[in-house]
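Presented below is the structure to which this report refers.
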Amino acid sequence: MTINELPTDWVPTACSLPTVQQPLRVAEFDELFARSVQDLTRFSATRLDLQIVAAEEQRARELTERESGCCSFFVFRFAPVDGDLVHLSIEVPAAYIDVLDSLTQRVQARIPNGGTSA
């Protein structure tokens, strides 16, 4: 599956972001994933962990904060890994596993090695 074949309708109905703005938000995440994600691990059905470059942390924090404002079911947590990387954990309730599945596919399609899904 190529990037252009990935589903774009994964945004859940629980999202309060206006429909017209949703493709723009998806594009922001796609760009963040392509620019900053070095690796990913899917620890469980409800949790995705990303290693992002530290230089993109502020941008990632701003984007995830805006996303939490419209999709309150997401829980984003940041933690330092070392000087060059930051850990970003994304968690969802069980009712939104399909959303996290789609998000995982989008990340995997945008990083060079596809990540190390557990």
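Which length gain, in nm to one decimal place, applies between His87 and Phe43 when the Cα-Cα distance is subtracted from 0.36 nm times their residue separation?
14.5 nm
Relative contact order of the range 18-110, please, whole-number percent, based on alpha carbon pairs below 8 angstrom and at least 6 residues apart.
Relative contact order here is 31 percent.
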### Task
Rank by packing, highest mean first: peptides 55-65, 72-82, with packing defined as the count of other Cβ atoms within 10 Å averaged across residues.
55-65, 72-82
### Query
If you wrap a convex hull around the C-alpha atoms of the range 18-110 and split its volume per residue, what is the figure in Å³?
89
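Values quoted throughout were computed directly from the atomic coordinates according to the rules given, and no laboratory measurement underlies them. Computed from a predicted structure; not experimentally measured. A quick note on method: Cβ atoms are made from the backbone with ideal geometry, for glycine too, and the neighbour counts reach across all protein chains shown.
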